[in-house]
There are 2 protein chains.
Amino acid sequence: MEPSNTSVVNLTIGQYDLVYNSLSFTIAAMGAAFVFFLMARTTVAYKFQRVTEVAALIVGIACYHYVRMFMSWTAAYTHAAGTTFYTPTGELFNEAYRYADWLLTVPLLLVELIAVLYLTGAKRAGTIRNLVIAAALMIVTGYPGEVATDNTTRFIWGVISTIPFVYILFVLWTEVGIAIKRESPEVANLLTNIRLLLLASWGVYPIAYMMPFFPSINAADALVYKQLGYSIADVVAKPLYGLMIYAIARLKTQQENAASPDGALVPHDDTVASPNSNAI
Amino acid sequence: MEPSNTSVVNLTIGQYDLVYNSLSFTIAAMGAAFVFFLMARTTVAYKFQRVTEVAALIVGIACYHYVRMFMSWTAAYTHAAGTTFYTPTGELFNEAYRYADWLLTVPLLLVELIAVLYLTGAKRAGTIRNLVIAAALMIVTGYPGEVATDNTTRFIWGVISTIPFVYILFVLWTEVGIAIKRESPEVANLLTNIRLLLLASWGVYPIAYMMPFFPSINAADALVYKQLGYSIADVVAKPLYGLMIYAIARLKTQQENAASPDGALVPHDDTVASPNSNAI
């Protein structure tokens with residue numbers, strides 16, 4: 001299996017810098033989110049703390065992979081003084097980091113959402129199991145297409161990978177829809193937004209994957225747009241999505257706190273905000 | 001003593017990348033598990049906190065060694081622009097990192113399991129002592145075979161190393177079997193799974209060790225499959241196994257908490273969940 005042929009084209013300084021800066025930006029966003037979610041842990045009821053921990057792990061793992069991708073990117077290209085181009089060094093940009101990242105983080109993203117929707121029970125366990133299997137299938141079948149050197153192979157694996165992709169989105173859409181009917185108006189509002197965010201962020205991945213298919217986009221542009229698209233989608237799907245999940249956990253904590261003012265549901269009643277001190 | 005002869009063969013880009021990516025994936029998995037087990041500490045009864053600490057140390061040590069192995073791997077091979085091969089640089093890939101890692105982590109893995117089975121007593125101390133001695137023998141006798149340049153030496157040390165290996169698995173199988181009869185159905189179910197996980201993950205190590213024996217597998221493939229096999233086995237035997245041990249500690253915490261609602265068994269009664277708040 002050959003790695004992506006995307007490393008063998010020259011890039012303009014602008015093209016190189018766009019990927020370079022979007023990778024670095026994403027490192028900063030993931031790192032900051034990691035620290036935030038670690039601190040956010042004690043601001044929600046005990047039963048929601050696992051959700052903030054999972055959110056921290058997701059962005060922590062992504063931060064690691066973006067550091068690696070940044071190093072791989074800078075090793076893959078070199079700029080000779082006086083020229084207007086970056087040329088390949090021979091080191092290959094390792095596209096597989098994204099797939100290794102998704103293999104770890106996508107199951108955790110699914111766990112995070114289902115955990116905030118259903119706290120316990122067989123329903124939750126069954127839904128998570130199905131989604132995790134589908135996620136693994138989606139990523140494992142997407143990878144051979146990503147590193148393929150011809151577009152036919154890319155297309156076939158892309159179509160196969162889309163089947164579990166659509167299944168996951170369908171299940172999430174339905175499950176969130178059921179939760180919207182069950183929850184209070186404030187939580188329902190957040191869930192409506194999270195459902196749109198899921199569609200918007202997940203929708204970017206297939207578009208980025210399809211970049212090399214467009215005949216009007218040259219190889220260098222396809223490479224750049226693909227990396228940029230994946231980076232933007234990751235920022236939306238990990239830290240931003242985590243913040244929304246956290247907002248739900250916090251709102252539910254406040255609601256349950258208000259319902260039982262003795263604070264029995266929360267670990268340290270002094271670390272949890274009163275219902276109207278909604279920081280962030 | 002010569003280091004492994006595995007560093008002197010050319011690798012295809014795909015072969016090189018498979019090891020490269022499996023080492024990086026394992027760094028991410030170990031690092032994330034380290035953060036998780038540190039956070040998990042306060043979610044179990046005080047008497048189980050040592051178990052989550054040991055789980056954190058195991059994956060932390062492994063994370064360090066995988067970072068070192070990744071550096072050793074990238075230093076050992078180089079890719080010249082335009083070629084489809086990675087060639088050895090002269091730096092030798094250091095196989096000994098795995099044995100240094102196991103010398104520290106395997107005794108801790110044994111302590112972790114026995115500690116969750118028996119909380120105190122002479123029985124526990126004696127079992128742990130025997131297992132730790134066997135583990136040290138297993139690893140110390142496996143190493144000369146691993147770095148041997150001829151398969152006869154590899155075979156002899158492999159056989160010697162298998163004796164303590166089989167002894168350890170036999171003791172664990174028996175001890176877990178005794179615990180299964182003693183524990184509640186839920187804990188017994190987890191222990192049944194952990195016993196299968198032990199067999200499955202530990203079983204991979206001798207198979208990976210034996211890779212250079214198969215005449216139909218060329219030297220490059222044997223090297224790649226061995227590294228891949230060890231990495232997969234480590235992910236299963238350390239973070240995944242730790243998660244199952246953690247699940248047992250958590251279930252026992254909840255059961256004991258339910259039995260004594262005054263929370264006397266736990267350090268901070270407000271940080272431990274009620275039996276039905278099984279988040280994550």
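Odds and ends about this structure:
- Dividing the Cα radius of gyration of the protein assembly as shown by its Kirkwood radius returns 0.98 for Rg/Rh.
- Cα centroid of the stretch B:83-108 to Cα centroid of the stretch A:5-62, whole Å: 29 Å
- Computed over chain A, the range of Cα coordinates on each principal axis works out to 69, 39, 27 Å, biggest value leading.
- Members of A:Lys47/A:Lys123; B:Lys123/B:Lys226; B:Lys181/B:Lys252; A:Lys47/B:Lys252; B:Lys47/B:Lys181 lying beyond 26 Å, as alpha-carbon distances in this model show: B:Lys123/B:Lys226
- Mean partner shielding of peptide B:77-87, defined as the number of other chain Cβ atoms within 10 Å of each residue Cβ, is 2.
- Amide H contacts for A:Tyr77 (H built 1.01 Å from N in the peptide plane; partners 5 or more residues away or on another chain; cut-off under 5 Å): A:Thr89.
- Inter-site label distance for A:Leu243 and A:Asp221 at 7 Å from Cα along Cβ, in nm: 3.2 nm
- Label point of A:Ala28 (7 Å along Cα→beta-carbon): distances to the other copies' equivalent points are 2.3 nm, sorted ascending.
- Probe 1.4 Å - accessible area at B:Thr153, Å² to nearest ten: 50 Å²
- In the elastic network of chain B, a GNM with C-alpha springs shorter than 10 Å, the most mobile of B:Val59, B:Val51, B:Val67 is B:Val67.
- Rolling a 1.4 Å probe over the protein heavy atoms gives the stretch A:48-113 an accessible area of 27 Å² per residue.
- Intensity falloff of the stretch A:52-207 expressed as log10 I(q)/I(0), Debye formula with alpha-carbon point scatterers, at q = 0.14, 0.17, 0.19 Å⁻¹: -0.81, -1.08, -1.25
- Note on surface exposure: A:His79, A:His65 rank A:His79, A:His65 by accessible area, highest first, 1.4 Å probe.
- Using a Förster distance of 60 Å, the FRET efficiency for A:Leu197-B:Thr153 (Cβ separation, nearest 0.05): 0.55
- Accessible area of B:Trp173 (1.4 Å probe, protein heavy atoms only, ligands and nucleic acids ignored): about 100 Å².
- In chain B, helices alone account for a calculated mean residue ellipticity at 222 nm of -25000 deg cm²/dmol, with every DSSP H run of four or more residues adding -39,500 (n - 2.57).
- Residues in the stretch A:104-138 that, when all protein chains are in place, have 20 Å² or more less accessible area than the chain alone would give (probe 1.4 Å): A:Leu104, A:Thr120, A:Arg124
- Dimensions (Å) - the stretch A:139-228, Cα atoms, principal axes, largest first: 50, 23, 17
- In the stretch B:8-29, burial by the other protein chains removes 10 Å² or more of accessible area from B:Ile13, B:Gly14, B:Asp17, B:Tyr20, B:Asn21, B:Ser24, B:Phe25, B:Ile27, B:Ala28, B:Ala29, compared with the chain on its own (1.4 Å probe, ligands and nucleic acids ignored).
- Residue with peak Gaussian network fluctuation, chain B [Cα springs, cutoff 10 Å], from B:Phe165, B:Phe155, B:Phe214: B:Phe214
- Accessible area of the stretch B:13-145 belonging to carbon and sulfur atoms, whole % at 1.4 Å probe: 70 percent
- Computed over the stretch A:1-142, relative contact order equals 26 percent, with contacts defined as Cα pairs under 8 Å that lie 6+ residues apart.
- Computed with every protein chain present, the accessible area of A:Asp101 is close to 0 Å² [probe 1.4 Å].
- Accessible surface, per residue, of the stretch A:140-254 when the full set of protein chains is kept, probe 1.4 Å, Å²: 43 Å²
- Most to least accessible of A:Arg41, B:Arg182 (protein chains only, probe 1.4 Å): B:Arg182, A:Arg41
- In the A-B interface, the accessible area buried, summed over both sides, Å² (probe 1.4 Å): 2700 Å²
- Taking A:Ile163, A:Ile245, A:Ile27 in turn, the Gaussian network model of chain A (Cα-Cα springs below 10 Å) assigns the largest fluctuation to A:Ile163.
- Binning all Cα-Cα separations of the stretch B:1-112 at 5 Å, short to long from zero, yields these whole-percent fractions: 2, 12, 17, 18, 15, 11, 9, 7, 4, 3, 1, 0.
The values are calculated or read from the model by the stated rules, or taken from the named source; none is laboratory data. Everything numeric here is computed off the predicted structure, so don't read it as measured data. Because the Cβ atoms are built from the backbone with ideal geometry, glycine has one as well, and the counts that use them run over all protein chains shown. Calculation scope for accessible area: heavy atoms of the full protein, side chains included, ligands and nucleic acids excluded. Shrake-Rupley method; radii C 1.70, N 1.55, O 1.52, S 1.80 Å.
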